[in-house]
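**Student:** Sharing a structure with you now.
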Amino acid sequence: MKTVAVYPGSFDPITNGHLDIIRRGLRIFDELIVLVAYNPNKQYLFSIEERVEMIKETIEEKERVHVDASCGLLVNYVKKSGATIILRGLRAVSDFEYEFQMALINRRLDREVETVYLMTGYKWFYTSSQIIKEAASLGGSVKGLVPDIVCEKLREKYMIGRKG
Ligand code: PNS
């Protein structure tokens, strides 16, 4: 039987830290669904379509990785897709409380779904899409933190923002 895990997140935009989790997740699971999911606490820079497109363009292992989007409850998506696992990356201490809450509520909503955490690689420990956007919006270089095509999209986005 194939083990399928859903890797959900905002991916606004996808970073090299996310790609590291995808690469390592593929060593554990047969297939991964990278899911652009809705976090009601966030305001997004990129549309769902733009985020899905950037992920598709940067994924190397196309056969075992699928990309999708969902606006509903995560556990419902997991069940519907035939997966049993939610994969998340865990960074510095600040992530822990939120992730703990998420894992508990998801388990309460569906006891057959387990959340598995991978510790983020040390290179990405203190980076986040949020801090990358802040640097890029102020003209800072984020090369090396996100794939090159994402660097380009960030540049375009903030240039349009400055003109408009
Ligand atoms: O990258 P993020 O923003 O930390 O990802 C959070 C995300 C999108 C995975 C989370 O908000 C989520 O699962 N959203 C879908 C709605 C849901 O099922 N929420 C948890 C149970 S209330």
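**Student:** Suppose only helical runs count, i.e. DSSP H with n ≥ 4. What mean residue ellipticity at 222 nm does that imply for the chain under -39500 (n - 2.57) per run, divided by all residues and rounded to the nearest 500 deg cm²/dmol? Kindly include the intermediate steps, with their values, before the conclusion.
**Tutor:** Details: 6 runs with 73 residues, N = 164.
Calculated at 222 nm, the ellipticity per residue is -14000 deg cm²/dmol.
**Student:** Hey, another quick one. For the chain, what are Rg and Dmax over the alpha carbons, in angstrom?
**Tutor:** Just the Cα atoms of the chain yield Rg and Dmax of 15.7, 53 Å.
**Student:** Also: May I ask you to derive the relative contact order of the chain, considering only C-alpha pairs under 8 Å and at least 6 residues apart, and to give it as an integer percent?
**Tutor:** 28
**Student:** Something else: How large, in Å, is segment 65-142 by the Kirkwood hydrodynamic radius built from its alpha-carbon pairs?
**Tutor:** Evaluated on segment 65-142, it is 14.6 Å.
**Student:** Place the peptides 154-160, 113-119 in order of packing, highest mean first, counting for every residue the other Cβ atoms within 10 Å and averaging per peptide.
**Tutor:** Result, highest mean first: 113-119, 154-160.
**Student:** For helix 94-109, report the angle its Cα long axis makes with the longest principal axis of the Cα atoms of the chain; keep it between 0 and 90° and round to the nearest 10°.
**Tutor:** 40
**Student:** Would you list, by chain and number, the lysines whose Cα falls below 27 Å from the Cα of residue 143, excluding same-chain residues fewer than 8 positions away?
**Tutor:** Those lysines meeting the cut-off are 42, 56, 62, 123, 133, 153, 157, 163.
No lab work stands behind these numbers, since they all come straight from the coordinates. Keep in mind the model is a prediction, meaning the values are calculated, not measured. Glycine also receives a Cβ, built like all others from the backbone with ideal geometry; neighbour counts cover every protein chain displayed.
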